[in-house]
Amino acid sequence: MDCLFCKIAAGEIPSSKVYEDEVCLAFADIDPQAPTHFLVIPKAHIGSVAEINAENAGLAGHLLQIAAQVAREQGLESYRVVSNTGAQAGQSVPHLHFHVLGGRDMTWPPG
Ligand code: AMP
Ligand code: ZN
């Protein structure tokens with residue numbers, strides 16, 4: 001499949017990895033929106049949060065576990081986990097990813 005994050009997961013496109021295991025990868029966002037900004041993705045292709053179901057919910061939970069672990073390792077006590085789902089919400093890469101952003105004050109609601 002012609003998917004940017006599948007290629008990053010396969011190592012075909014380089015990334016600044018901060019964590020990797022058999023099923024997931026975390027790497028620095030190429031266009032950081034906060035002092036710390038990394039993405040956590042499954043290695044298997046899942047399109048977005050909208051495709052999380054009973055079969056892959058364990059993997060989705062694992063991605064959040066890793067988001068918390070890497071945030072802790074990076075010294076973040078406060079951070080935001082975001083997964084833009086669909087074009088109207090700003091999703092630009094159609095492969096599930098959790099953004100983890102921290103290191104600055106944040107506002108609510110998001111834009
Ligand atoms: P979204 O727009 O929510 O789908 O998030 C996609 C994110 O992927 C954006 O924050 C981009 O900056 C990031 N991104 C795009 N290409 C790369 C890449 N090659 N390496 C790391 N991050 C990327
Ligand atoms: Zn993919």
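The values are calculated or read from the model by the stated rules, or taken from the named source; none is laboratory data. Note that the coordinates shown come from a computational prediction; the quantities given were computed from them, not determined experimentally. FYI the Cβ positions are ideal-geometry reconstructions off the backbone, even for glycines, and counts take in every protein chain you see. Areas reflect the complete protein model, heavy atoms only, side chains present, ligands, DNA and RNA absent. Shrake-Rupley method; radii C 1.70, N 1.55, O 1.52, S 1.80 Å.
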Requested in this report: Determine the pairs where a residue that is within 16 Å of Leu96 (Cα to Cα) and open to solvent by less than 90 Å² (accessible area, probe 1.4 Å), located within the range 7-33, has a partner that is in a loop (DSSP other than H, G, I, E, B) and of a type outside the set (A, V, I, L, M) with Cβ atoms under 7 Å apart, the partner being 6 or more residues away or on another chain.
Outcome: Ile8/Ser15; Ala9/Lys43; Val23/Lys43; Cys24/Lys43; Leu25/Lys43; Phe27/Ser15; Phe27/Ser16; Ala28/Ser16
Requested in this report: Answer yes or no: is there a residue in the range 81-89 that is surrounded by fewer than 16 Cβ atoms within 10 Å (Cβ to Cβ) and part of a loop (DSSP other than H, G, I, E, B).
Outcome: yes
Query raised in the report: Of the numbered conditions (1) within 13 Å of ligand 1 (Cβ to nearest atom); (2) part of a loop (DSSP other than H, G, I, E, B); (3) within 29 Å of Asp2 (Cβ to Cβ), Ala34 satisfies every one except a single condition; which is it?
Result: (3)
Query - Conditions (1) free of Cβ contacts under 8 Å to residues at least 12 places away in the same chain; (2) crowded, with 17+ Cβ neighbours inside 10 Å: number failed by Leu76 - result: (1)
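Take the conditions open to solvent by 20 Å² or more (accessible area, probe 1.4 Å) and among the hydroxyl-bearing types (Ser, Thr, Tyr) and apply them to Ser48. Does it pass?
When the stated conditions are applied, Ser48 does not pass them.
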